[in-house]
Each structure stands twice: as structure tokens, then as C-alpha cells.
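Have a look at the structure below, then the notes.
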């Protein structure tokens, strides 16, 4: 199945403790069905000091399920993603506006 959400997409969280927050996808894990979004689902990780890093409490973005994310269309509203043929290329489009992503 083709990827509906890709790295660099602006998304909004639909469910969970971060519902309504917006961010940009920094990494997608299609095998797990999860994505890492900047500033969303942040956990505090305690790291040990080493020669290269200071250590202490470090905020880290944790993966969130792709089903809980929706892409933002040009108007800033959540939208589902569809596919269509544009000439001989398969393109993604926002279902709310019909614009190519």
C-alpha cells in the first residue's frame, strides 16, 4: 500500500493526550505503522553523562500511530489523503480541497 503520510508533511493529532497539536513528521516507520512528529508525544528520558554529551533529563519525541494523524490542507484543516493519476504519475491529494499535496 502506498504511503499516505510522508516525512516533511504537516499533520495534526486526532486522538490521545496530544489531541489538536500540530507538527511536522520527522520520521515514518511503515513497518510499525507509526511516525515521529516534532513536538508531539514527548517523553523525558534520563541519559547518563558521557564524554560527548552532558546527560540529565532529555525530552525525546516518541512514535505515534499513523491512524491518529491527519494531514493539514492549504486552509489548515485536517484532511484525509487520496490518490489519483495526474497524467501518467500517481499523486497524493487532500480530500477536503482536492489539491495535490
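The values are calculated or read from the model by the stated rules, or taken from the named source; none is laboratory data. Because the structure is predicted, anything quoted here is derived from the model rather than measured. Cβ: placed from backbone, ideal geometry, glycine included. Neighbour counts: every protein chain shown.
Structure summary
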item	result
Conditions (1) touching a strand residue (DSSP E or B) at 6+ places or on another chain (Cβ under 9 Å); (2) surrounded by fewer than 11 Cβ atoms within 10 Å (Cβ to Cβ): number failed by residue 78	(2)
Hits in the range 88-101 - residues which are part of a loop (DSSP other than H, G, I, E, B) and either surrounded by 11 or more Cβ atoms within 10 Å (Cβ to Cβ) or at pLDDT below 90 (or both)	95, 96, 97, 98, 99, 101
Spans of strands (runs of 3 or more DSSP E) in the range 2-69 with at least 2 residues in contact with a helix residue (DSSP H, G or I) (Cβ under 8 Å, 6 or more places away or on another chain) and within 25 Å of residue 82 (Cβ to Cβ)	34-37
Counted residues, the range 5-58 - those being touching a residue at least 60 places away in the same chain (Cβ under 8 Å) and surrounded by fewer than 12 Cβ atoms within 10 Å (Cβ to Cβ)	0
Check on residue 70, touching a residue at least 24 places away in the same chain (Cβ under 8 Å) and closer than 16 Å to residue 4 by Cβ	yes
Filter result (touching a strand residue (DSSP E or B) at 6+ places or on another chain (Cβ under 8 Å) and over 10 Å from residue 35 (Cβ atoms)) within the range 62-75	62, 70, 71, 72, 73, 74
Subset tally (residues that are within 17 Å of residue 23 (Cβ to Cβ) and in a loop (DSSP other than H, G, I, E, B)) for the range 70-83	3
